[in-house]
Structure formats: C-alpha cells, structure tokens
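Report on one structure; see the data block that follows.
The numbers here are math on the coordinates, done by the rules we state, and not lab data. Values in this document were obtained by computation on a predicted structure and should not be read as measured data. Cβ: placed from backbone, ideal geometry, glycine included. Neighbour counts: every protein chain shown.
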Amino acid sequence: MNFTAVNQTDDCFHYTCPERSLSTAVYVLLCMSLTSVVLVTVCGNLLIIISVCHFKQLHTPTNMLILSLAVSDFLIGVFVMPPALLQLIESCWIFTNIFCAWYLLNAYFLTSVSTYNVALIAVDRYFALSNPFLYNKTVSVSIMCIVVLCDWSVWLSYNITLQYPNLKSLSEAVCIRSCFHVLNEVWSVVDILLNFVFPLSVIIILYALVFFIAKKHATAIRDLNSHTKMRTKNMSDSMKSERKAAKVLGILVSVFVTCLLPYFLYSVLGNVIEIEVESLHKFMMLVYLNSAINPVIYALFYPWFRRSVKVILTLQIFTTDSTLIHIL
C-alpha cells in the first residue's frame with residue numbers, strides 16, 4: 001500500500017521543523033504512549049516467533065502462516081513504526097533522504113505482506129474446514145513454507161517495481177521535508193485494488209463461508225445428539241475448536257478492516273481533495289497499529305500462546321528438551 005506525497009528539493013540548509021503546538025507534558029505523554037505501542041508490537045510478535053519456531057508441537061501448516069504474519073508485524077515494529085512515529089510527532093522528516101527511501105520501501109512491502117498473510121490465514125481456515133481430509137493430505141509444513149516464501153517474494157518484487165522511480169528521485173534529491181510517496185491516479189487505483197479491495201473481499205467471503213460451515217456442523221451435532229453420545233462428544237469438541245478458530249478469524253478481520261479502511265478511503269478521496277500530510281500520517285499509524293493488535297488477539301484467544309509465553313518468561317525454554325514441552 002502506498003501513500004500520497006511530495007518531494008521537496010528546495011534549499012533546506014536553514015529549514016527546521018515547525019514549532020510544536022503541544023505543551024511539554026502532553027508531548028512527553030504522547031512520546032511515551034507511542035513508544036509503548038512500538039514495544040507491544042515488537043515484543044508481542046517476537047514472542048509469537050519464538051513460540052512457533054521453538055516448540056515442535058506448534059510446527060503446523062497454519063502456524064507457518066501465523067509465523068509469517070508475526071515476522072512481518074515484528075519488522076514493521078522495528079523498522080517502520082519508529083521513524084513514522086517521529087515524523088508524526090515532529091511534523092517533519094528529520095532523517096536523510098536515503099533513509100527515507102529505505103523506510104518507504106520497508107513500509108509498503110511489509111504492510112502488503114502483512115495484509116496478504118491475513119488473507120492466506122482465511123484461505124487456510126476455509127480449506128481446512130470445508131475439506132479436512134484433502135487438507136491433511138495435501139497441505140504440509142513444507143508446502144506452506146513455499147507459499148509464504150512466494151508471498152514475500154511477489155510483494156517485494158511488486159513494491160520495488162512500483163516505487164523505483166520515487167526511490168530514485170528521493171536518493172537524488174537535495175533534501176526532503178516530508179517522507180511519503182505520490183502515486184499517479186492509475187497506480188493509486190491498482191494499488192488500492194491489490195492491497196485492500198482484493199484481500200478484503202477474499203477475507204470477508206471466506207470468513208462468511210467458514211461461519212456457515214461451523215453453523216452447519218453445529219446443526220449436525222444436535223441432530224446426532226440422540227444417537228451416539230460418545231461420538232457426538234468428540235465431534236462437539238472438534239466443532240467447538242473450529243468455531244473458536246472462526247471467531248478468532250472474525251476478530252482479525254474486524255481489526256484489519258478498522259485499521260486499514262480509513263486510510264484507503266482517505267487515499268481515494270485524495271484524488272479529489274487536497275491531502276493534508278498530518279492527517280495522512282495519522283491514518284498510516286492506524287494501519288501500523290494493526291501489527292500491534294494481532295499478538296494481543298492471540299494472547300486472548302489462543303491458549304497455546306499463553307502457555308508458550310509462560311514457558312519463555314520463566315526461562316523453561318532453556319531447559320533440556322524444552323522443544324518437546326506440551327503446549328497444546
């Protein structure tokens with residue numbers, strides 16, 4: 001996903017950021033709050049990465065997608081959010097133009113990957129629920145790793161191609177006062193379709209189908225209730241797990257839409273009205289906030305994540321055969 005922006009090549013030797021209108025106390029409080037968001041993003045996603053990588057019980061196809069999402073969100077927290085927050089607080093870009101080009105590439109690339117990781121999780125859950133036998137037979141950890149690698153490779157190539165002219169102009173500019181990117185009308189539409197409309201459509205449609213399947217399974221359980229109690233109990237436990245997965249997916253979708261929709265609506269309106277830089281930065285911070293919320297969702301709804309965090313924080317992870325600790 002890409003921002004709308006302007007490169008300024010004026011003489012900047014005597015340029016300074018505009019004075020802040022905030023009081024010192026409010027400024028410090030804002031800095032502390034935004035720093036906390038970065039720490040939650042980095043630490044929360046790092047715990048997910050360590051958990052999935054370390055514990056063998058978590059080496060499943062679905063968790064490879066969760067790992068990919070956590071890695072992209074972690075990198076956003078490390079490389080994208082800090083300079084974005086500084087630009088928001090200071091109301092101007094305080095770093096070099098070369099760093100701006102590097103920052104933009106990371107921001108666009110990682111947010112694209114994160115978006116499609118959520119879409120791939122929806123595809124994975126739908127396939128697993130709609131055809132579990134075929135899913136278990138055809139989808140393995142190695143296959144899912146190839147899918148993840150393709151996802152990262154495709155979006156890296158796309159963003160390098162899309163932003164090469166802008167990155168080149170940034171590297172050659174005398175100076176810049178704001179670090180964000182202008183797309184022409186055609187590429188703006190293409191980017192919105194690829195990075196928002198298409199993945200959102202896939203997520204919503206598949207989530208609706210997942211919900212329908214879970215409801216259908218619940219009806220089947222009630223119909224079998226008078227026949228085989230033990231079998232029904234086993235099916236009930238399985239369906240309960242599936243409905244919980246559908247619920248978590250629904251929350252992920254809701255957070256995804258809430259965080260990304262304002263920015264893309266503003267981008268569309270930006271072709272009609274004049275875009276304000278400060279407003280654009282605020283909407284982009286909402287996009288990045290999605291990366292901080294995802295691990296919180298896992299902590300609230302995935303027991304394996306809470307157990308693995310407990311093992312990590314109590315340093316049991318350094319004990320012998322800790323990779324075999326029962327997490328699920």
With R₀ set to 35 angstrom, the calculated FRET efficiency between the beta-carbons of Leu313 and Cys145, to the nearest 0.05, is 0.80
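Please arrange Thr35, Thr62 by counting, for each residue, the other beta carbons lying within 10 Å of its beta carbon, fewest first.
Sorted ascending by nearby Cβ count, the order is Thr35, Thr62.
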Could you list Glu185, Glu90 so that the one with the fewest beta carbons within 10 Å of its beta carbon is first and the one with the most is last? Glu185, Glu90
Can you tell me the FRET efficiency between Ile98 and Phe212 if r is taken as the Cβ-Cβ distance and R0 is 45 Å, rounded to the nearest 0.05? 0.35
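Taking the Cβ of each residue in Cys31, Cys150 as the centre, tally the other Cβ atoms inside 10 Å and list the residues starting with the fewest.
Least to most surrounded, the residues fall as Cys150, Cys31.
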Rank by packing, highest mean first: peptides 251-260, 140-149, with packing defined as the count of other Cβ atoms within 10 Å averaged across residues. 251-260, 140-149
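Using r as the Cβ-Cβ distance of Ser157 and Ser201, and R0 as 35 Å, what FRET efficiency do you calculate, to the nearest 0.05? Don't skip to the end; give the middle numbers.
Numbers: r = 23 Å, r/R0 = 0.65.
Plugging the Cβ-Cβ distance into 1/(1 + (r/R0)^6) gives 0.95.
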What distance in nm separates the two pseudo spin-label positions at Val190 and Tyr27, each 7 Å out from Cα along the beta-carbon direction? 4.3 nm
Place the peptides 74-87, 46-59, 313-326 in order of packing, highest mean first, counting for every residue the other Cβ atoms within 10 Å and averaging per peptide. 74-87, 46-59, 313-326
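Less than 15 Å Cβ to Cβ from Ile327, Lys/Arg counted +1 and Asp/Glu -1: what total charge do the surrounding residues give?
Values: positive: Lys56, Arg306, Arg307, Lys310; negative: Asp321.
Summing Lys/Arg as +1 and Asp/Glu as -1 gives +3.
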